[in-house]
Structure formats: C-alpha cells, structure tokens
Amino acid sequence: MGYSLWNLLFVYMIEMLKFALVLWGVIGFKLKKNKITYSVVLLPLLFIVFVAIFDESDMVDILGTIVPILIIITISFIFQGKMIKKLLYTILIHFCIIFFDMCITGVMSLFFHITLAEITEHPVLNILAISFNIITFSAITLYRKTHKLPDFHISKRIYALIFAGVCTGIFFVGSLMITNLPGAGDNVRKAALISMIIVSVANFGGSLMLVYITRSRDNYRVLSQINQEVAEAQQRYYLMVKEKQHEIRSIRHEMKNHITCIDALYRNNQLREMHEYIKQVIDQTDTLDELFDTGNGIVNAILNDAQSRYYKEGINIKLTGTFPDELYIASMDLCVIFANAVTNAVEAIKKIKKEEKNMSDICIKIGSFKEDLFIDISNPIGEKVKVTEGKLKTSKKDKNHHGFGTANIRQRVEKYSGSVKFDSDKEMFYVHIHMINKQVKTE
C-alpha cells in the first residue's frame, strides 16, 4: 500500500504542476489573489491518504482513475474566470498531456528497448519522461512571459479541432502501444509505432499551426482595418489643421479692420454700438474650435477625427492632460488603444442616442508620474455592462471579432508591463489603463 499511496501522491503533484504551467504560462489564465483558495489543493491529497489508509485493496486502484478528475476540478478553483471555460480548458489540457506522455514514453520504450510498464516502474526513466513535459512547458512559459505574448484565446471551432486532433493521436498511439507487449521483438510493429507517433505529432502540430494562422489572419485583418481608418483620420486631421490655419490668418487679416471700426465707434461716443460690435467679434472667434493636442500626432488625428464626425450626432469628446515630453510608448500601440477604446465608446453612446437627445461626453484623461502613464476613458451607457474580474464581456453579436478590440488593447498595454481594467455602473462605463513609460534597452 505504501508504494501505491506515494505513487498516487507523486502523480497528483506532478500533474498539478503540469496543469498549472500550461494554464498560467501557456494559455495565460490569472491565479486568484485570495490565498485561502489555494488550500483547496490540499483537499484531494487528504482524500487520497484517507481512502488509501482505510481501504488498501480496492480503493487505491479506483483512485488511479479518480485522480485526473480531482486534478481537473481542483485546478479550476485556483484560477480566475468562468468555471465552464476553465473546465473546458483543463479537459483539453488533460488530453494534450496524455498525448505528449504517450509519445514520450513510446519513443523511450523503443530507444531503451524496454516495455512501457518497465518505464513506469523504473524510477529514473519515469522521472525522465515526466521531466521532459515539465521542462517543455516551463520553456514555453518563460518564452511567453519574457516576450510578453498575448493570452491564448480560441473559438469553439478551433477548440473542437484541437480536441479531435488530440483524441485521434491518443487513439492511434495507444492502439499501437498495445502491440508493444513484453517480449515483442517485431521490427515492423516498432516501425509502425514510430510512424504513427510521427503522424500523430504532425497532426497535432498541424492543428496548432492552423490555430496560429487563423488567429494571425484575424489579427492582421483587424489591424489592417485600424491602419486604414487611422490613415484616413490623419488625412482629415491635416485638412482640419490647414482649414484652422486659414481661418486664423483670415481673422488676423480682419483684426486691423475690426480695431479701426471699434476706434471709430469709441471716438463718436457710440458705446452701445461698440459693445455690440465687440460681442460680434468675440462670437466669431468662439466658432474657431481648438483642435485636441495630446502631444502625439496619431492620437490627435484619432480624437479630432472622431470629434468632427460624431459631434453633430450629439457625441462630444472632453480631453484632460497630455502625454509626457519623453514618451516611449510606440505610436502604433497608442493608435490601437485609442482607436478601439473610442470606437467602443461611440457605439455604446449610439445605443442610447435613439432615446436621448442631450449631448453625451466621452471623457479622456491622460496623466503621468515618473515612469507611470495613466489613461482613463469613460462614457455613458444605457445599461450596466457585464464586467467579470476586470474583464469586459461583450454584448455584440459578432463576439469573435469584437473580442479582438479589447484583446488588442490588453495586448498593447501588457507589452509595456501595464494593466487594463474595465468597470461599469448603471450609467457609466470606465476603462482604466496603466503602462510603464520607459526606454527599453536594446543590446
């Protein structure tokens, strides 16, 4: 019983480590901040010990089947997010880990000319097989965290594709492993096993490549659309600047005539007429609206273009603050952040504009302190937006494509060791962005 008990405990801890590495490091799930939650990890351990002590003959074998279920349920409690989403991801990860383990042990059985049972019972080879996956997942985690890659999100269709590919691989490799029984020396069987492992790995790799290509294509399409819109916004912005400069020159040219007229009215003691004339001049200059100046040309173009396009629809932009003189955030990243945030705000306001005719404000605040850059954007809404643990739950019908908007904002912000938080009450929606504004040293 001792060996079986310790074996189960060892398997539980190792599998928990694998799941945690994949969920946190590869996919990008966030751990819960409540440390008490982590005590749930100890419950299955106590359960295994309790059952093994009181029934050493039957239940230990049953526990070998129950352990994966305990791991899936336990791991779902220590990460943030919806339970159904976490369960689906952990189930997929479970089958992926099984597939990788089968491939590794299969290769080792052929390389060392021993059976799968002997690998499992051999302490060194068993640890070697287990370590390969852990090292691989750790390397992927280190790469993603170092390069600050975005979180891994997949659609239902891609999920089904990966799941089907993994299950197919498990079926083929598992079927051929059965033929590799103790004493079997058939080279054809071993060659078939190697071939099926290669085919299964290629099939799984192809599924992952398809996921990557699909995500890259969708991201490229969204970013291309943003680039096109920003290019058009810049063109309109420069035309507005040119028009404002022309208006300023016209006012300066007319100013001499205005002063002459005011002087004449004053000399003739026509104070009332002079007051009315001055009021008309002031009203004329008030129509010369000032352009937004954030300190960044791309953001200026986006905000001024949005103001000129949507002001007549009752949507007004209020800007407070500017970017610091030394700004190390790339203009393209600011473009993605502001283009998506302003577009979402405009669409939210348009939903309530059908009923309300008053002017609605999109308030944008930009501030900085040392290396910290803060951007706060707020806009009125018709109903409270669903926000779970600081993440926005879209109400759009096309959720897959709309998800790229908030996902792209988060990706660009996290590139600068920042964070994005969405918040909402019954009347207002808020976006809080924090980024580290410092020069990246290049070797």
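Listed by first and then second residue, the pairs linking a residue in region 409-429 that is assigned by TED's automatic domain parsing to the domain that holds D372 to a residue that is of a type in the set (V, I, T) and in a helix (DSSP H, G or I), with Cβ atoms under 7 Å apart and 6 or more places separating them unless they lie on different chains, are I409/V336; I409/I337; R412/V336; R412/I337; V413/I337; S419/V413; V420/I409; V420/V413. Looking only at residues in region 112-167 that are assigned to a loop (DSSP other than H, G, I, E, B) and under 28 Å from the mean Cα position of the chain (by Cα), the one that is farthest from L31 (Cα to Cα) is S155. Of all residues in region 306-321, those that are farther than 12 Å from A345 by Cα and at pLDDT 90 or above have Cβ atoms under 7 Å from Cβ atoms of residues that are outside any helix (DSSP H, G or I) and of a type in the set (F, W, Y), 6 or more apart or on another chain, in L319/F292. If you go through region 131-183 and keep only what is at pLDDT 75 or above, farther than 24 Å from L88 by Cβ and of a type in the set (A, V, I, L, M), you end up with I135, A139, L142. Annotation note: of A330, A339, the sole residue that is out of contact with any strand residue (DSSP E or B) (no Cβ under 8 Å at 6 or more places or on another chain), among the aliphatic types (A, V, I, L, M), modelled with pLDDT under 90 and within 21 Å of Y311 (Cα to Cα) is A339.
Here S378, S368, S360 are screened, and the one residue that is among the polar types (S, T, N, Q), surrounded by 13 or more Cβ atoms within 10 Å (Cβ to Cβ), modelled with pLDDT of 90 or more and closer than 23 Å to I315 by Cβ is S378. Screening region 313-361 for residues that are more than 24 Å from the chain's Cα centre (by Cα) and of a type in the set (A, V, I, L, M) and picking the one that is nearest to F429 (Cα to Cα) gives I349. Scanning region 39-64 for residues that are of a type outside the set (A, V, I, L, M, F, W, C) and either at pLDDT below 70 or buried (at least 18 other Cβ atoms within 10 Å of the Cβ) (or both) yields P44, D55, E56, S57, D58, D61, G64.
Taken together, D293, D263, D286 contain a single residue that is at pLDDT 75 or above and within 30 Å of I375 (Cα to Cα), which is D293.
Filtering region 430-443 to residues that are outside any strand (DSSP E or B) and either at pLDDT 90 or above or not assigned by TED's automatic domain parsing to the domain that holds I366 (or both) leaves only N437. Condition first: modelled with pLDDT of 75 or more, in a helix (DSSP H, G or I) and small (G, A, S). Can you find one or more residues in region 71-91 that meet it? Yes, there is a match, as at least one residue in region 71-91 is modelled with pLDDT of 75 or more, in a helix (DSSP H, G or I) and small (G, A, S).
The values are calculated or read from the model by the stated rules, or taken from the named source; none is laboratory data. Here the structure is a predicted model, which is why all the values come from computation and not from measurement. Glycine also receives a Cβ, built like all others from the backbone with ideal geometry; neighbour counts cover every protein chain displayed.
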